[in-house]
1. Report yes if ILE211 is open to solvent by less than 10 Å² (accessible area, probe 1.4 Å) and either within 24 Å of ASP103 (Cα to Cα) or part of a strand (DSSP E or B) (or both), otherwise no.
2. Filtering the stretch 70-88 down to residues that are in contact (Cβ under 8 Å) with a residue 40 or more places away in the chain and not in a helix (DSSP H, G or I), which residue is nearest to ASP100 (Cα to Cα)?
3. Within the stretch 269-290, can you find the residues that are among the hydrophobic types (A, V, I, L, M, F, W, C) and surrounded by fewer than 18 Cβ atoms within 10 Å (Cβ to Cβ)?
4. Tell me the strands (runs of 3 or more DSSP E) entirely within the stretch 114-191 that contain at least 3 residues that are modelled with pLDDT under 70.
5. Between a residue in the stretch 282-300 that is in a loop (DSSP other than H, G, I, E, B) and any residue that is not hydroxyl-bearing (Ser, Thr, Tyr), which pairs come within a Cβ distance under 7 Å, given they are 6 or more apart or on different chains?
6. What is the residue count in the stretch 249-268 for residues that are open to solvent by 20 Å² or more (accessible area, probe 1.4 Å), in a helix (DSSP H, G or I) and not charged (D, E, K, R)?
7. Consider the stretch 113-132. How many of its residues are touching a Lys or Arg at 6+ places or on another chain (Cβ under 9 Å) and open to solvent by 50 Å² or more (accessible area, probe 1.4 Å)?
8. Quick check on the stretch 198-232: of everything there that is modelled with pLDDT of 90 or more and among the β-branched types (Val, Ile, Thr), which residue is nearest to TYR130 (Cα to Cα)?
Amino acid sequence: MTSNKSEKLISVVAPFHNNSNYLSQFVENWGKILDFQGEFVEVILVDDHSTDDFENVLSGSDLSGIKIVHNTGAGGAGDARNFGLGYAEGTYIYFVDVDDLVDVQSFGKLVHHVGKSNNNSVDVYHFGFYFTKDHQENPFFSSKNVVSGNFKIQDAADYIHTLFANGSPYVVWNKLYRREFIDESNVNFTFNRVAQDAIFNLRLLPQAKLIDIVDLNVYKYLVGRPNSNSNVHKSKFNDEKQVVSLLASLLLPKYRDMVSSETVRVSINELKYLVMSGRFEHDSKPLTEFVDEMNPFGTKAMILKMILKHSSLRIAFAYFMKLRSKGQ
């Protein structure tokens, strides 16, 4: 495996906003990787308008191979990723979160695999990951359940359906994206508060011509960490409706059940939010309209089954029917 001195094989882009409590761990983790793979890998930390003391936190860290750039855009994870991409020199781009980790040995094997293949026609390398909680690592996805090695995208619906059945297509941290493929596809991250990953993938992945499924679990998604990028306690409804709309445009009419399942997931999440926040009586109309819109796919019956299993949701459902009877 050889490396062009003016171009890295992989650029890691990691935005952060007031995550100084995770930065030392992040730098230590990637420092171990750069000790062995620095010739082929660069790390770009994107400061997304942080107001904490991250510079002081990192003052004693070895930042060899790590760039810190300051987002001058509007802000938000999607905007910061787009900004960081502008500094990337790698053939492939890896988007990660600073509050998670990467398995050092597995990433080294991934770098070797990508370099050994010497095939810049691969648009996306797709690999597995761990859910990590209390130091217990549970592999969530094995590529053996999908397919081994390279395969050409014949049908975008089949590909997305396969990923749903065997692993998440929404996240970006279990994939390497060819930089030129991103540019040629003219797909950027949106400014959505949540679901930027899902929207990015659902717009980009169907345009891929060649995917390489790599049988490695690389990323360590840390579950339940405080002040992390994943802990969002506000409604995600508007963003997730956009995801369902994109999904429907890709999967219908072939995979109606999957569209229905995602519609139910989004609806139940919003219903729980409205109940717990005390906003149900005043803010449920958009949810009602969404369920009615998606009803041809059998979503009302599935939602009712899930509601009957949960007492809090049964109370919400009573309000739901009361409002409907009033025509609200």
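1. Numbers: open to solvent by less than 10 Å² (accessible area, probe 1.4 Å): yes; either within 24 Å of ASP103 (Cα to Cα) or part of a strand (DSSP E or B) (or both): yes.
When the stated conditions are applied, ILE211 passes them.
2. Ranking the candidates gives GLY76 first.
3. To start, the set of residues in the stretch 269-290 that are among the hydrophobic types (A, V, I, L, M, F, W, C) comprises 271, 274-276, 280, 287, 290.
Passing the criteria: only MET276.
4. Values: elements: 124-133, 136-139, 149-152, 175-178.
Here the list reads 149-152.
5. SER284/LEU274; SER284/PHE320; SER284/LEU323
6. Of the residues in the stretch 249-268, 4 are open to solvent by 20 Å² or more (accessible area, probe 1.4 Å), in a helix (DSSP H, G or I) and not charged (D, E, K, R).
7. Matching residues across the stretch 113-132 total 3.
8. Across the stretch 198-232, the extreme among qualifying residues is VAL218.
The values are calculated or read from the model by the stated rules, or taken from the named source; none is laboratory data. Note that the structure is a prediction, hence the values are computed from the model and not measured. A quick note on method: Cβ atoms are made from the backbone with ideal geometry, for glycine too, and the neighbour counts reach across all protein chains shown. The accessibility values were calculated without ligands, DNA or RNA, using every heavy atom of the protein model including side chains. Shrake-Rupley method; radii C 1.70, N 1.55, O 1.52, S 1.80 Å.
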